[in-house]
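Okay, so here's the structure we're looking at.
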Amino acid sequence: MPKIKTLKAAAKRFKRVASGKFKRSHSHTSHQKLSKSGKRRRGLRGTAMVSKADTPRLKRMMPN
């Protein structure tokens, strides 16, 4: 049985945590920050978890 290769685009965007879930960063944070309110920018700071519906797809993309 051949090894399953990791999808590199997914590996750059997501990290697996110890419980098996995936961590992701927020979108809309790279530019045009002055048009967003401070409350919205603070909410976009940090990371979020990938939804339960998308987790099986990510497990296939990132087998290791």
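With a 1.4 Å probe rolled over the protein heavy atoms of all chains, the accessible area of Leu58, Leu44, Leu7 falls in the order Leu7, Leu44, Leu58, largest first. Ellipticity at 222 nm from helices only: DSSP H runs of n ≥ 4 in the chain, each -39500 (n - 2.57), divided by the residue count, give -7500 deg cm²/dmol. Checked against a 18 Å cut-off, the cross-linked pairs Lys3/Lys59; Lys23/Lys59; Lys12/Lys52; Lys12/Lys39; Lys15/Lys36; Lys21/Lys52 give Cα-Cα distances beyond that limit for Lys12/Lys52; Lys12/Lys39; Lys15/Lys36.
Residues in the range 22-32 carry Karplus couplings, in order, of 10, 9, 9, 9, 7, 8, 6, 10, 8, 7, 6 Hz; the curve used is 6.51 cos²θ - 1.76 cosθ + 1.60 with θ = phi - 60°, and Gly or Pro positions show x. The value of relative contact order for the chain, using C-alpha pairs under 8 Å at least six residues apart, is 43 percent. Comparing Ser51, Ser35, Ser25 in a Gaussian network model of the chain where C-alpha atoms under 10 Å apart are linked, the largest mean-square fluctuation is found at Ser35.
The values are calculated or read from the model by the stated rules, or taken from the named source; none is laboratory data. All figures in this text were calculated on a predicted structure; none of them were measured in a lab. Only protein heavy atoms, including side chains, enter the accessible area calculation; ligands, DNA and RNA are left aside. Shrake-Rupley method; radii C 1.70, N 1.55, O 1.52, S 1.80 Å.
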